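The values are calculated or read from the model by the stated rules, or taken from the named source; none is laboratory data. Computed from a prediction, not measured in an experiment: that's the story for all the values here. FYI the Cβ positions are ideal-geometry reconstructions off the backbone, even for glycines, and counts take in every protein chain you see. Areas reflect the complete protein model, heavy atoms only, side chains present, ligands, DNA and RNA absent. Shrake-Rupley method; radii C 1.70, N 1.55, O 1.52, S 1.80 Å.
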Amino acid sequence: MSHRPKKIARAWLESPTQGFVELLHDWKARHLPPLALGGADRFQSLQRVPDYTFGCESGYFVNRKNEIYFFLRLSQHPEINPAVETIYLAGDFNGWQEAVGQTEWALRVASLDGDPVLLWSGAADRFYGNPHMRFKFVTAAHVWLPVNAGAPNAVRDGSGNFNLSIDPERTGQHLFKFTLAHPHNLAEPATVRWALGETDESVPLMPGDFFYALGTDLPLGALVREGETVFRLFAPRAKSVWLSVCAALDQQDNPHRYPLVRRGDQHGRAGVWEITLADNLHGWFYWYQVDGPADAFGLFDPQYRVLDPYALAAVGRLGPGIVLDAAWVGQGDRDFKTPAWHDLVMAEAHVRDLAALAPVAMSAEERRGFTGLRKWVEHPDFYLHRLGVNCVELQPVQQNDAKTADEYHWGYMTDNFFAPDSGYALDPARASGVKELQALVAAFHRRGMAVILDVVYNHVGEPAHLMFVDRLYYFEQDGAGNLSNWSGCGNDLRGRSVMATRLIIDSCRHLVETYGVDGFRFDLADLVGVDVLKQVEVALKRVKPDVILIAEPWSFRGHAAGELRDTGWASWNDGYRNFVRDYVRGGGTRESLEYYLKGSPWYYAKWPAQTVNYTESHDDKTWIDNITENPSGNGDHPTLNDRRRTHLMAAFLHMSIGIPMLSSGQDFIRSKQGINNTYQMGDVNALDYRRIYRFPSTHAYFADWIAFRRSEPGRLLRHFSRATEGFFQFFWAADTAAPAVLYNADHSQGPQQILFAINPTIYDVTIPISDEVALGDWRQLADQERFFSTFHAGGGRRVEANLYVPALGIGLWLREG
């Protein structure tokens, strides 16, 4: 490799005065490389770092003798006791799991520069390959040690698992540390380049972790006080910030303009710009214009009108923001008692989908948003009230990037995290959405329904106003300034930056305090990050101890549900969704059925309500379009078996431990005509309530299951803590996954017991159960078609030792003990 031209790979600062530079293809000469800085900065010193310095992050390094060292630092793994546990090196070079138990691949106790480590060493050549070989560390019990996703050589495989790669050009000898003569000015661009006589190659000097730790505890946004208004923005790399304000929208071409002043960077308040105007500007419109360094990491444009990320209301996706007095904003409903998590029965819903075809008199403008939905919620025939759920999860209601109020939008392209969506408001220029959303939440509460908001903190919509505040600080990107896109939406918010974390927490707190919402569902929460989610949990529970927190725990990058087990977050359960779709069509195993019926214990859910069980959401096809026998994949006209399988799903969902969630319309077999992605198809997504009359027995069947789930006997399904080992008893039909399940078999929850039988096959089955279970005063509550007098005496059949269950059938019995 030494004959190839050298390359400056990347350069970054670890503090305002110190940083690192990587040289490829490996700098093995003993003299220092001829490097210089572009811009105002100058090197004070430049030196090669010990080769193991690189290994502290990457897990390996290569010395001058071409020996490779793999190691992990025991100080970072307190769970490992090397005296009693063996750790192995595993990867592409030794068959991964096959390395476990082989002495050849066992790590030994050693020390690197006084740091206790577990280490493996050998000749390096066998570990070089194209593509780069990957590795990981694993215990004798086949437990893989986690990989830091921020490691410079962290890569994901096709299953979403992080591994470490071995780059022959990154050995540890390629890394140099420098000191600057003066602290770097973040508002100025800087590069690392070859000194005169070398090539004209250069790379931008990227701020490191210290930069993302910059922040402030000062209140941000437009703050109305007695006789004055303070405007405050966090923009750590800006060199100028201008404020424009006007009293009317038709004055935007001739606003009042003021330069903001950067506060002194002290007391943890770096990067804050502010100005105080001597007037109460409630109701005025405003925006910022931010200028900063012209480098690969920024998107500064002094002409661009930036919507304040802390604006409490906005006229539209482009802004302007609206100054609001906190006294006018007021507080949301605080009288409602949020149900306990284990008592929840949820319905996911969209504001316009619920209101569009609601059989209630209202104007076209009202039907578009908050006020129209409030009128429907208050109507005696409100659909979700009659269905019986006690919690609604609303798809995003924050300002999104729809171009007009008429444009239908799911809401997952957020432009501002504080402002209600202007397209749902009757008079957005007067911030009417604030009062309308408050009234909507209060109306749901009067119906006995908690309100959870679907929020999107993993990416932003267009225009991405935060990029014009500071693209580098707020968005994930590589050393060349390329945005990451694990969200699939063009950008990934860097939620782990201190002020991005604060933006998430502050906006959620605002939604709780101002609108009275009961909780949140975080979209693509894997990208937000478990550490950030933990901080959100702590902060919000200080405001509302019973706040409901639900994660969509995956992204295109990976799946974080396992990491959330030891937190107060519940997770949407995609494994449950996929299993039930397969099961009702005769698939699935007994083991999987037990696991999901018991609430996905331990790996996915450490406590019962930590799994949100569902079989349909807004994403992808509806339930009926997924399972229909129709060859077109369109379940709009379901077959008889489609309907029976839907009843099986309803029964299984409500008999499973965890939080059951329906998608609105599922109870009347809602179809999207087989279309997979309908995110901008309002006509397809609008709930056609006439299907209730087309499928009245199915709608009633769902409503009865919900009523049973929430009834006194249903407490045997609403577990606060994990059930005892003997709580469940399973009996099986021969050669099938058709069970009869006895709940409270050990009487640990009192004398009542429930017997539930389900047959997903197209053949009748007989399930042998014990005489002890069969005997007794069982009362049948439901079969695959109906509940019997809403679980009053009369109808039904006895429980027999050989329990007959018809094809695609179920049975539900109650015994008082």
Which of Met655, Met413 is most accessible, then next, and so on - probe 1.4 Å | Met413, Met655
Quick one: pull the percent of accessible area on segment 747-817 belonging to carbon and sulfur, 1.4 Å probe, ligands and nucleic acids left out.
-> 51
Segment 273-327 to segment 167-217: how many Å between their Cα centroids?
-> 31
Under 1.5 on a/c is rounded, so check that first for segment 175-215, then, if it is not, pick prolate when a/b is larger than b/c and oblate when it is not; a ≥ b ≥ c are the square roots of the alpha carbon gyration tensor eigenvalues.
-> prolate
Please name whichever of Asn578, Leu755, Met499 sits farthest to the positive end of the charge dipole of the chain, dipole taken about the Cα centre and charges placed at Cβ: Lys and Arg +1, Asp and Glu -1.
-> Met499
Pop out the carbon and sulfur fraction of the accessible area of segment 273-358 as a percent, whole number, probe 1.4 Å.
-> 53
Accessible area expressed per residue, the chain, with surrounding protein chains retained (probe 1.4 Å, Å²) = 39
Once you have a ≥ b ≥ c as the square roots of the Cα gyration tensor eigenvalues for segment 341-459, tell me rounded if a/c is under 1.5, and otherwise prolate or oblate according to whether a/b is larger than b/c.
-> oblate
Summing +1 for each Lys or Arg and -1 for each Asp or Glu, what net charge is found among the other residues whose Cβ lies under 9 Å from the Cβ of Val351?
-> 0
Work out, step by step, the length gained on full extension between Glu67 and Asn485: first 0.36 nm times the residue separation, then minus their alpha carbon distance; give nm to one decimal.
-> 146.8 nm
Using a 1.4 Å probe over the heavy atoms of the protein chains, calculate the carbon and sulfur portion of the accessible area of segment 504-613 as a whole percent.
-> 48
Computed E for Val84/Asp406 - FRET, C-beta separation, R0 56 angstrom, nearest 0.05 | 0.25
Around Cys56, with a cut-off of 9 angstrom between Cβ atoms, what is the net charge of the other residues, counting Lys and Arg +1 and Asp and Glu -1?
-> -1
Asp125 to Ala195: FRET efficiency via 1/(1 + (r/R0)^6), r the Cβ-Cβ distance, R0 35 Å, to the nearest 0.05?
-> 0.60
So how strong a dipole does segment 707-801 carry about its Cα centre when Lys and Arg Cβ are +1 and Asp and Glu Cβ are -1, to the nearest 20 debye?
-> 540
If every Lys and Arg gets +1 and every Asp and Glu gets -1 at its Cβ, then about the Cα centre the chain yields a dipole, in debye to the nearest 20, of 380
Starting from the Cα of Thr179, step 7 Å toward the Cβ, then list every residue of segment 30-52 with an amide N under 16 Å from that point.
-> 42-50
Correct semi-axes for segment 677-817, from √(5λ) of the alpha-carbon gyration tensor and rounded to whole Å with the largest first, are 30, 19, 16
Any residue on another chain or 5+ positions along whose placed amide H is under 5 Å from the amide H of Met206 is listed here as Ala11, Trp12, Leu13
R0 of 22 Å, Cβ-Cβ distance Arg386-Ser711: FRET efficiency to nearest 0.05 | 0.85
With 0.36 nm assigned to each residue of separation and the Cα-Cα distance removed, Ser15 to Glu228 gains 72.9 nm
Rounded, prolate or oblate: which fits the chain when a ≥ b ≥ c are the square roots of the eigenvalues of the alpha-carbon gyration tensor, with rounded for a/c under 1.5 and prolate only if a/b beats b/c?
-> oblate
Mind ranking 582-589, 752-759 by how tightly packed they are, going by the mean number of other C-beta atoms within 10 angstrom, highest first?
-> 752-759, 582-589
Toy charge model, Lys and Arg Cβ at +1, Asp and Glu Cβ at -1: segment 362-512 dipole around Cα centroid in debye, rounded to 20, equals 520
Taking every DSSP bridge whose two residues both lie in the chain, the antiparallel percent to the nearest 5 is 80
Stretch Gln102-Arg447 to full length: gain in nm at 0.36 nm per residue minus the Cα-Cα span?
-> 117.9 nm
Note down the net charge around Trp705, summing +1 for each Lys or Arg and -1 for each Asp or Glu among other residues with Cβ under 13 Å from its Cβ.
-> -1
Summing -39500 (n - 2.57) over every DSSP H run of at least 4 residues in the chain and dividing by its residue count gives a helix-only mean residue ellipticity at 222 nm, to the nearest 500 deg cm²/dmol, of -5500 deg cm²/dmol
Once phi is turned into ³J(HN,Hα) by the Karplus curve 6.51 cos²θ - 1.76 cosθ + 1.60 with θ = phi - 60°, what whole-Hz value does each residue of segment 799-814 show in order, with x for glycine and proline?
-> 8, 10, 4, 10, 7, 7, 10, x, 3, 6, x, 9, x, 9, 10, 10
For the chain, the longest principal axis of the Cα atoms and the Cα long axis of helix 498-515 enclose an angle in degrees, to the nearest 10, of 30
Extreme residue, positive dipole direction of the chain, given options Gly101, Ala707, Ile692 (C-beta unit charges) | Gly101
